[in-house]
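> Here it is: the structure, laid out below.
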Amino acid sequence: MGAWLRQGARLTKRDRLVALGKWIVLGSLAGVLCGAVTALFLWLLERATRFRTGHEVIVYSLPIAGLAIGWIYERFGESIKAGNNLVIDTIHDEGPEIPLRMTPMVLIGTALTHLFGGSAGREGTAVQMGASITDWVSHRLRVGKRVRRQLLAAGVAAGFGSVFGTPVAGAVFGLEFIALGRIETDALVPALVASVIGDMTTRALGIKHTQYPAASQVTLTPLLFLKWLIFALAVAMVATAFIELTHFIRKHGERHLPRLPARMFLGGLVVVGLWKLVGTNDYLGLGIPTILRSFEDPTLPVYSFALKLLFTAVTLGAGFLGGEVTPLFFIGAALGSVLAQLLGIPLELGAGVGLAAVFAASSNTPLALSIMAMELLGAPIFPHVVIVCVLAYLLAGHRSIYPAQRMLNGKGGTRLTYPMALRDLPGTPVPAPPKSDVKGS
């Protein structure tokens, strides 16, 4: 018996080494491919933003750009229009291969959205590119269903980690955003390898990420904990408002204007109208200058977070391409700056915690965003951001910017007998998509 156990241990160790070697190779391949495409994407985005900043008259063309992008997506992108939700559905339902054309279409569409002034981010594009590339690889290599799921998670991790320069957060995000109540740890090694290699590749190709101010060292006290509870409540309310408004605009837009080009044209008109009404470019595109200003300028308008929320909800709700992360960073940092002054918290600490917490509550990824805050702002922020991210995540309820997320365990402690998409929960305002959206056919 002892010899048999020793032999089994040796086999297990060998199998683990073989598996580790396999995932180092596959994860590195995914990381290099995703990191290279992300570098191209960020390079295009930087030039689009620079051109728009120097030629602001181009913003008037946003409705025409929406009409053109909408027509192209309606004609050639029916199978990929579900975006991040398609990625989640494919991971859970083992649907058909995600079309590789998702990568160029979402890359170009997002660059055009930013060129003409739409308020959108980068994460959605990076995640979709990473997933479509790794799914193409998995089908070319003819891997099994389990390995395919792991590669998809690795692609998501590589895209997220490389687009923000946060490889550890990228790995955790790739495991956490798939389902509410469970982390897909079986994909941990490929996700970590792909995210680290993806980030290295992007940096090696000359991409420099935004540098955020370091958080100050502040001792956690009972009084500060109570302040963070109030802070988290405000964050959850703002995250809820963003989710509900974006879904409301998308739902009613689809009901009253079935054609995507018409919805994007109208959405472009509204964004241009808002831009002229507020009289500033601060709420167009990513808004990184205002994010950085939130860390140091106590005179930042108290309504900045609300205006960015409105600009972004209209842009994404109308169908323009891009992600939610950077706009939610803007919303969170601006909100955190205001709350910090009201609650007597250091300005840069409040802005940093808010930056991470609003997206954590909106996407049900408190662990990934807590780690991301530490990677971007330094270790001193970690205990504070964990508290607020987790509390805001709980207070935001069973809603998400990704309605395809599966819920396995409710936030109130309830356990489901089978996974259910958040869009399918009773009383949800988000209807289940047609079968073609879910399967990517």
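> Across every pair of different alpha-carbon atoms, what Kirkwood hydrodynamic radius in Å does the chain reach?
Across the chain, the inverse of the average 1/r is 21.9 Å.
> What residues qualify as long-range amide H neighbours of L180, i.e. H under 5 Å apart, gap of 5 or more or another chain, H built at 1.01 Å from N?
R406, M407, L408
> Shifting gears a bit: Which shape class applies to the range 233-284: rounded if a/c is under 1.5, otherwise prolate when a/b exceeds b/c and oblate if not, where a ≥ b ≥ c are the square roots of the Cα gyration tensor eigenvalues?
Note, shape of the range 233-284 comes out oblate.
> Can you put R75, R263 in order, fewest other beta carbons within 10 Å first? Could the numbers behind the result be given before it?
On the way: R75 10, R263 24.
Starting with the residue having the fewest Cβ neighbours, the order is R75, R263.
> Shifting gears a bit: Determine, from the Cβ-Cβ distance of Y60 and L292 and an R0 of 30 Å, the FRET efficiency 1/(1 + (r/R0)^6), rounded to the nearest 0.05.
Working: r = 27 Å, r/R0 = 0.91.
So, using R0 = 30 Å, E works out to roughly 0.65.
> What order, most packed first, do the peptides 386-395, 133-142, 117-126 have when packing is the mean number of other Cβ atoms within 10 Å of each residue? Mind showing how you got there, number by number?
Working: 386-395: 23.1, 133-142: 18.6, 117-126: 27.8.
Descending mean neighbour count gives 117-126, 386-395, 133-142.
> Hey, what number do you get for the chain at 222 nm if only DSSP H runs of n ≥ 4 count, each worth -39500 (n - 2.57), divided across all residues, to the nearest 500? All intermediate terms of the calculation are to be shown ahead of the outcome.
Numbers: 17 runs with 301 residues, N = 441.
When only DSSP H runs of four or more count, the value is -23000 deg cm²/dmol.
> Beyond 26 Å, how much of the Cα-Cα pair distribution for the range 302-423 remains, as a whole percent? Intermediate values should be presented prior to the final figure.
Values: 1773 of 7381 pairs.
Every Cα pair in the range 302-423 considered, those over 26 Å come to 24 percent.
> Taking loop as defined by DSSP and a crowding limit of 13 other beta carbons within 10 Å, which chymotrypsin sites (Phe, Trp or Tyr not before Pro) in the range 247-344 fit?
Numbers: sites: F248, F265, W275, Y283, F295, Y303, F305, F311, F320, F329, F330; in loops: Y283, F295, Y303, F320.
Answer by residue number: Y303.
> Between E244 and R50, what is the label-to-label distance in nm when each label sits 7 Å out along the Cα-to-Cβ direction?
4.3 nm
> Right, here's the next one. For the residue pair L343 and Q217, what label-to-label distance in nm results when each label sits 7 Å from Cα along the Cα-to-beta-carbon direction?
Distance between the two pseudo-spin positions: 2.3 nm.
> Which of M407, M420 comes first, and how do the rest follow, when ranked by fewest Cβ neighbours within 10 Å?
Details: M407 21, M420 17.
Arranged by neighbour count, lowest to highest, M407, M420 become M420, M407.
> Counting other beta carbons within 10 Å of each Cβ, put V272, V106, V358 in order, fewest first. Walk me through the numbers on the way to the answer.
Details: V272 18, V106 25, V358 35.
In order of increasing Cβ crowding within 10 Å: V272, V106, V358.
Quick note: the coordinates plus some simple rules give every number you see, no bench work behind them. Please read these numbers as outputs of a predicted model, since none were measured by experiment. Reconstructed Cβ throughout: ideal geometry from the backbone, glycine too, with neighbour counts over all protein chains shown.
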